[in-house]
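Enquirer: I'd like to ask you about the structure that follows.
What follows draws every value from the coordinates through simple rules; no lab data is involved. Here the structure is a predicted model, which is why all the values come from computation and not from measurement. For neighbour counting, all protein chains shown are included, and Cβ atoms are generated from backbone atoms with ideal geometry for every residue, glycine included.
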Amino acid sequence: MRGKGLLPAILFGLVGMVVAGVAVGFAAGHYTSRVTTVTTAAAAAPAPATQPTTSVDPTVAAGAHTFVQFACAQCHGALGRGGVSPDVPALTTVGRALTEQQLTHIINHGLGESKNPTKPYMPVWGEVISGTQVHDLVAYIRAGLPAVPDTQPVAIPQGQGPAVAGAALYVRDGCINCHGPNGLGGVANPLSPDKSIPPLSGGGFRHDFPTDKAIAAVIRSGSVIGRAPIVSMPHWGGIIPAQDVQSLIAYLKTLK
Ligand code: HEC
Ligand code: HEC
C-alpha cells in the first residue's frame, strides 16, 4: 500500500513545491516532507528497489510470512488471535507461557491426535517445515505475533467459478505445502507406509477417491496415519467452510 502511494506522493509533492512554494497547507507539507526523506535516503546510499517502509526484525518477519504460508493463520486466526473454531486456541499468550524448546517441539511434533479425529488437532510439521522456518515461527510467536506488512493470505477470486476459487484456496489453506503444486505429491514423509505425502491428482488418487463425497469426507475428517514424526492429514471440519471444500474439490478435478 505504501509502495502504491509513493509515486503519486512524490509527484504531488514536487508539483506542490514548484507551483505553490513552501507553504501549501498541511497535506502538501506532509507529502513534501516524505519526498525529502526519500531523497535523503537515496542520496545517503543507493536504495534497492524494494526498500522496506518499516523496520521489522527479519527473523520475526520471516516467521510472520511462514505463519500465513503454512496456514497456521487459517486455524489459529490472523495474528494468532483465534476466533476460527472453539477447538483451536489463540496463540497470543503462549509465547510467554512456553519456552522456545516447548514451542519448537509442539510445531515439529504436533500435540497428539486420535486415530479417528473428530475435531481439529495440531498437525505434525517436522517433515514439512525446515528447522529455520520453525525457528522463525517460534521467534514470531514469542514476539507476540505482531502485524507485519504484506503478509495477507492469497485473495480468493469471487464470481469466477469454484475451480478458480479452489486453486487459490489450495494455496491459502496450505494444501500446497504438503501435497505439492498441481497436487503432484512427493513431499517426504519417511516413516509413513508410502514414504511420501500422497498426490491429489493422477489415476491412483481418482481410483481411491472417485466421488466428491469421498474427497469431501477426508478433507473434513482428516486421516491419521501414525504418531509424530509421521505427518498426517489435518482435520479441516469446522475450519474450512463447506462451500470452500466444494471449491477445493472442483479445483482438484481440473488436475491431471
Ligand atoms: C488444522 C488446524 C491447525 C493448523 C493448520 C495449525 N494448528 Fe496449531 N493447533 C491446532 C489445535 C487444534 C491446537 C490445540 C491442540 C491441543 O491443545 O491439543 C493447536 C495448538 C498449537 C500450539 C500450542 C498452543 C497452546 O496453547 O498450547 C501452538 C504453539 C501451535 N498450535 C502453533 C501452530 C503453528 C506455528 C502452525 C503453523 C505451522 C499451526 N499451529 C497450524 C490446530 C492447528
Ligand atoms: C500437514 C500436511 C498436510 C496438509 C497441510 C494437507 N494434507 Fe491432505 N493429506 C496429508 C497426508 C499425510 C495424507 C495421507 C493420509 C492417509 O494416507 O491416510 C493426506 C491425504 C489427503 C487426501 C486423500 C488422498 C489420499 O491418497 O489419501 C485428500 C483429498 C487431501 N489430503 C486433501 C487435502 C487438502 C484439500 C488440503 C488443504 C485444505 C490438505 N489435504 C492439506 C497431509 C496433508
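Enquirer: Within 14 Å, Cβ to Cβ, of residue 119, how many net charges do the neighbouring residues add up to if Lys/Arg are +1 and Asp/Glu are -1?
Expert: On the way: positive: 115, 220; negative: 87, 113.
Around residue 119, the surrounding residues sum to 0.
Enquirer: Over the alpha-carbon set of the range 58-142, work out the extent along each principal axis and list the three values in angstrom, largest first.
Expert: The Cα atoms of the range 58-142 stretch 38, 27, 25 Å along their principal axes.
Enquirer: Name the residues whose placed amide hydrogens come within less than 5 Å of the amide hydrogen of residue 122, ignoring near sequence neighbours (fewer than 5 apart) on the same chain.
Expert: Under 5 Å from the amide H of residue 122: 111.
Enquirer: Which ³J(HN,Hα) values, rounded to whole Hz and listed in residue order, are derived for the range 150-165 from phi using the Karplus coefficients 6.51, -1.76 and 1.60 in 6.51 cos²θ - 1.76 cosθ + 1.60 with θ = phi - 60°, glycine and proline given as x?
Expert: 6, 10, 4, x, 4, 6, 9, x, 9, x, 10, x, x, 5, 5, 4
Enquirer: Determine the sum of side-chain charges near residue 187: Lys and Arg each +1, Asp and Glu each -1, restricted to other residues whose C-beta is under 14 angstrom from that of residue 187.
Expert: -1
Enquirer: If amide hydrogens are placed 1.01 Å from N in the peptide plane, which non-local residues have theirs closer than 5 Å to the one on residue 223?
Expert: When sequence neighbours closer than 5 places are left aside, the close amide H contacts are 233.
Enquirer: Output the pairs from 119/256; 115/195; 115/256; 119/213; 115/213 with a Cα-Cα distance over 24 Å in this structure; if there are none, say none.
Expert: Among 119/256; 115/195; 115/256; 119/213; 115/213, the Cα-Cα distance tops 24 Å for 119/256; 115/256.
Enquirer: Now for a different question. Gain in length, residue 182 to residue 100, computed as 0.36 nm per residue apart minus the alpha-carbon separation, to one decimal in nm?
Expert: Once the chain is fully extended between residue 182 and residue 100, it gains 26.0 nm.
Enquirer: Please give the peptides 175-184, 117-126 ranked by average Cβ packing (other Cβ atoms within 10 Å per residue), highest first, as a rough proxy for protection.
Expert: Ranked from most to least packed, the peptides come out as 117-126, 175-184.
Enquirer: Next question. For the range 164-251, just list the percent of Cα-Cα distances falling in each 10 Å bin from zero outward, please.
Expert: 17, 53, 29, 2
Enquirer: Same structure again: Report, in whole Å, the centroid distance computed from the Cα atoms of the range 52-112 and the range 226-256.
Expert: After rounding, the separation between the Cα centres reads 21 Å.
Enquirer: Once fully extended, how much extra length lies between residue 195 and residue 147, figured as 0.36 nm per residue of separation less the alpha-carbon to alpha-carbon distance?
Expert: 13.6 nm
Enquirer: So what J values fall out for the range 65-74 if you push phi through Karplus, 6.51 cos²θ - 1.76 cosθ + 1.60 with θ = phi - 60°, rounded to Hz, Gly and Pro as x?
Expert: Computed from phi, the couplings for the range 65-74 are 5, 5, 4, 7, 4, 8, 6, 4, 5, 5 Hz.
Enquirer: When the Karplus curve 6.51 cos²θ - 1.76 cosθ + 1.60 is applied with θ = phi - 60°, which whole-Hz ³J(HN,Hα) does each residue of the range 191-207 get, with x for Gly and Pro?
Expert: With the stated coefficients, the range 191-207 comes to 8, 7, x, 7, 6, 8, 6, x, x, 10, 8, x, x, x, 4, 5, 5 Hz.
Enquirer: Rounded, prolate or oblate: which one fits the range 69-201, using the alpha carbon gyration tensor with axes a ≥ b ≥ c (rounded when a/c is under 1.5, else prolate when a/b beats b/c, else oblate)?
Expert: oblate
Enquirer: Now for a separate question. Which aspartates and glutamates does residue 253 reach when only Cα atoms under 18 Å apart count, and residues fewer than 8 places away in its own chain are ignored?
Expert: 173, 208, 212, 244
Enquirer: Right, another one. Taking amide H positions as placed 1.01 Å from N in the peptide plane, with prolines and chain starts having none, which residues 5 or more places from residue 187, or on another chain, fall under 5 Å of its amide H?
Expert: Distant-sequence amide H within range of residue 187: 197.
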